[in-house]
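Only one structure is covered here, and it is reproduced in the block below.
The values are calculated or read from the model by the stated rules, or taken from the named source; none is laboratory data. Bear in mind the structure is a predicted one, so any value in this text is a computation, not a measurement. Here the Cβ positions follow ideal geometry from the backbone for every residue, glycine too, while neighbour counts run over all protein chains shown. To get the accessible areas, we keep the full protein, side chains included, count just its heavy atoms, and leave off ligands, DNA and RNA. Shrake-Rupley method; radii C 1.70, N 1.55, O 1.52, S 1.80 Å.
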Amino acid sequence: MTMKKARILVIILAVAAIMLALYPAGGRFKYKYHVGRAWSGESLVAEFNFPVLKTQEQLRTEMEEKSSTMLEYFRYDAGVSESIIDKMASASFDTIGPGVARAVKTVYAKGVLPEDKADRGDVILIKKGKRIVETSEAEVYRPEEAYQKIVSLVRGYYPGVKADSILSVSPLSEWVVPNLQYDENVTNRLHKEAVDYISPTSGMVYKGDQIVGKGELVTPEIAQILDSYKAETNAYYGLRRTDAASSLGRLAMVAMLLLLFFASIALTDINLLRRRGDLAFLLLLYTLVYVATSVFSAKDEIMLYLMPMSLFVLFSMEFYRNSVCLPIYAVALVPLLILRDSGVELFCMNLAAGCVLLLGSKSYRRGLRQFVNSAFIFVTLSLIYLLFRLAEHTAPDKLVLVFLILNSLMVVISRPFIYLLERLFGIVSQMRLWDLCDTSSPVLLELSKQAPGTFQHSLQVANLAESAAREIGADALLVRVGALYHDIGKSGNPPCFVENQLADSDYHKDLTPHQSVAMIVRHVDDGVEKARKEHLPEQVIDFIRSHHGTTVVTWFYAKHCDQGGDASLKSEFSYRGKLPQTKEQMIVMLADSVEAASRSLKSYALSDLEALVERIVRGKLDEGQADLCDITLAEISAVKRSLVNSLQQMYHTRIAYPDQK
């Protein structure tokens, strides 16, 4: 096994291990029910005790109530009242001194709040020693209220004494200060703990209790109990189903999912299985979809509405044709149907959103127009969600609609990650291909200056190949880029090639056929070396390697034979490239040979063009250049027709303008 295949195998095994680890081990709740409909099964009786779980709406309501109720926390300072009593004693109020001390203790025993804490709530918490007492604010005093209460008590203790007059000349009003100290940190902590600790249950159902009877209408209350029973059933059996049969079943399901995924790739573009970067990239996307589905199905299924599954389409369509993306994406969504009880809804929503993204990408792919795609995705997701709610006679969840908005926005703002994925997996995106099509790029600019004839040849090959690619549904943009760069190796020695030679020059005049062939075939290796130096994508380099395949340099081989050379040395006059493995590479090979040969035609009549194309294509097939390619005979016929039509347009007869008399 080669190192490349070993790495692919390791990646596949790692993905399988992740899927197996996250595959739910619990039992599946076999009953289907909807609020407002009659229970279709037999009477359901609880097989075990289980708690009734609160709904998300109930939990949110309770949390809001807790958040709106904030009990403030105060520390009781006993030293404040003692300080006031000591000050009164030192002021020599002998007549009413004991009564004042008694009144101060009485008032301060309840507590005195700071003025800025008035009207802050109905109940407060007061820590006295080691005890925390919950007290109404009406039972404690503010400083002014405390002073008036002390005066009132002293007046009652000494009815015959003018206590008001005595106290009015004392600084008692200044000495009365709060003895309840507000603790903001403890208040916030207690508030947070109260909000965080909300019981998730609201009662119990015991073994043997009837949950719902046959034909009984499923009310929201019954649905809540059924939801709780369903969750407990999955957990109850999940802890017990650890036998070998269960493990084998989960392993078989994971294997089936992976095989289905690989089959979708093989049936759309088998070459993706041969390239490690492409396969690893698609496996990553598939694993992310699977992990999100598995994790959120086990924790909180509502989060699945937030997950932008359409990102699979967004990322994949930047690297592959739409006809490849959609089938693979549809298979990637299959875990929704298996891992989630009501996964049909999410499957339909995300599949439709992916289709909308693929259709909209043709017109709304760049700039601010991307947000139009986001709007289309939101409308699609929301419409299908509402249709399912209407069919089930249930009200839509506002939180789900908020999640769908965020879902559609994430599809747009995640686009910059395409550059990261391109570098990480060594694959080429549509955006990179558009950049490479620019003829003012450094590589093509150098080619146009050093080898202008080759540059013009490359432009013509690009036009021929792109038209042919569109004819059979191949990747036209990739074909154009491959054709533009296929001959960049000729810039190192331009005069060696006939298209760059002047009319009165012959570079090969004094060279032997072997020497000439060695220089000509070298442009493939030079092109690969130059492409690597310029950091061109590997997919583009493959066009350089394969545009001649292993064909024979016929002109010099014939010259060698005419000079009496050994005809069995044919391999010495052949290119040492690689055979085309994709439709795109085969198209560039044919367009390259047809364009070069067309320059030697004496007549551009339709019959002559058809004969030329047929001869070139038949020669490539006879030499086995298409043996490793996935192109069909029907597609080759379509390519031939396209090449003939393009040559007709290139070499159409022009009218002769008469001289002006």
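Taking the listed residues Ala596, Ala634, the one that is outside any loop (DSSP other than H, G, I, E, B), small (Gly, Ala, Ser), open to solvent by 20 Å² or more (accessible area, probe 1.4 Å) and under 20 Å from Glu471 (Cα atoms) is Ala634, with no other qualifying.
Could you run through segment 271-290 and say how many residues are farther than 27 Å from Leu339 by Cα and part of a helix (DSSP H, G or I)? Looking only at that region, the number is 4.
If you filter segment 119-145 down to residues that are open to solvent by 90 Å² or more (accessible area, probe 1.4 Å) and of a type in the set (A, V, I, L, M, F, W, C), you find that the one that is modelled with the lowest pLDDT is Ala138.
Whether any residue in segment 580-590 is without any contact (Cβ under 8 Å) to a residue 40 or more places away in the chain, open to solvent by less than 50 Å² (accessible area, probe 1.4 Å) and not hydroxyl-bearing (Ser, Thr, Tyr) is what I want to check.
Initial filter on segment 580-590 (without any contact (Cβ under 8 Å) to a residue 40 or more places away in the chain): none.
So far as segment 580-590 goes, no, none of its residues is without any contact (Cβ under 8 Å) to a residue 40 or more places away in the chain, open to solvent by less than 50 Å² (accessible area, probe 1.4 Å) and not hydroxyl-bearing (Ser, Thr, Tyr).
Among residues of segment 559-575 being modelled with pLDDT under 85 and among the hydrophobic types (A, V, I, L, M, F, W, C), the one that is nearest to Arg275 (Cα to Cα) is Leu569.
Checking the condition buried (at least 18 other Cβ atoms within 10 Å of the Cβ) and at negative phi, which residue from Val411, Val379 passes?
Val411
I need the full set of residues from segment 541-561 which are assigned to a helix (DSSP H, G or I) and touching a residue at least 40 places away in the same chain (Cβ under 8 Å), in order please.
In the first step, residues of segment 541-561 are kept if they are assigned to a helix (DSSP H, G or I); the result is 541-546, 554-561.
Within segment 541-561, Asp542, Phe543, Ile544, Ser546, Phe556, Tyr557, Lys559, His560 meet the criteria.
Scan segment 484-511 for residues that are open to solvent by less than 40 Å² (accessible area, probe 1.4 Å) and closer than 16 Å to Ser458 by Cα and jot them down. Within segment 484-511, Leu484, Tyr485, His486, Asp487, Ile488, Gly489, Lys490, Ser491, Pro494, Phe497, Asn500 qualify. Among the residues of segment 553-562, is any of a type in the set (A, V, I, L, M) and either in contact with a Ser or Thr (Cβ under 9 Å, 6 or more places away or on another chain) or under 21 Å from Phe455 (Cβ atoms) (or both)? Within segment 553-562 (the criterion being of a type in the set (A, V, I, L, M) and either in contact with a Ser or Thr (Cβ under 9 Å, 6 or more places away or on another chain) or under 21 Å from Phe455 (Cβ atoms) (or both)), the answer is yes, since at least one residue qualifies.
Would you mention how many residues in segment 562-575 are within 19 Å of Glu623 (Cα to Cα) and either touching a residue at least 24 places away in the same chain (Cβ under 8 Å) or surrounded by 15 or more Cβ atoms within 10 Å (Cβ to Cβ) (or both)? First the steps, then the outcome.
Step one: of segment 562-575, the residues within 19 Å of Glu623 (Cα to Cα) are 567-575.
Still in the list and also either touching a residue at least 24 places away in the same chain (Cβ under 8 Å) or surrounded by 15 or more Cβ atoms within 10 Å (Cβ to Cβ) (or both): 572-575.
Adding up the residues that qualify gives 4.
Selection within segment 425-445: residues that are without any contact (Cβ under 8 Å) to a residue 12 or more places away in the chain and open to solvent by 60 Å² or more (accessible area, probe 1.4 Å). The member of this set that is farthest from Ala353 (Cα to Cα) is Leu445.
Considering Tyr108, Tyr76, the condition of being open to solvent by 20 Å² or more (accessible area, probe 1.4 Å), of a type in the set (Phe, Trp, Tyr) and modelled with pLDDT of 80 or more is satisfied by Tyr76 alone. Taken over segment 12-34, the criterion of being open to solvent by less than 50 Å² (accessible area, probe 1.4 Å) and at pLDDT below 80 is satisfied by Ala25, Gly26, Gly27, Phe29, Tyr33.
Just for helices (runs of 4 or more DSSP H) wholly inside segment 417-532: which have at least 3 residues that are closer than 25 Å to Ser646 by Cβ?
Numbers: elements: 417-425, 430-436, 442-450, 452-472, 476-485.
It comes to 430-436, 442-450, 452-472, 476-485.
May I ask you to verify whether Ile338 is in a helix (DSSP H, G or I) and at pLDDT 85 or above? Answer is no for this residue.
Could you tell me which residue of segment 389-400 is most open to solvent (accessible area, probe 1.4 Å), considering only residues that are part of a helix (DSSP H, G or I) and under 18 Å from Val218 (Cα atoms)?
Within segment 389-400, the first condition is being part of a helix (DSSP H, G or I), and the residues that meet it are 389-392, 398-400.
Next cut, under 18 Å from Val218 (Cα atoms) only: 389-392.
Numbers: Arg389: 25, Leu390: 125, Ala391: 56, Glu392: 40 Å².
That would be Leu390.
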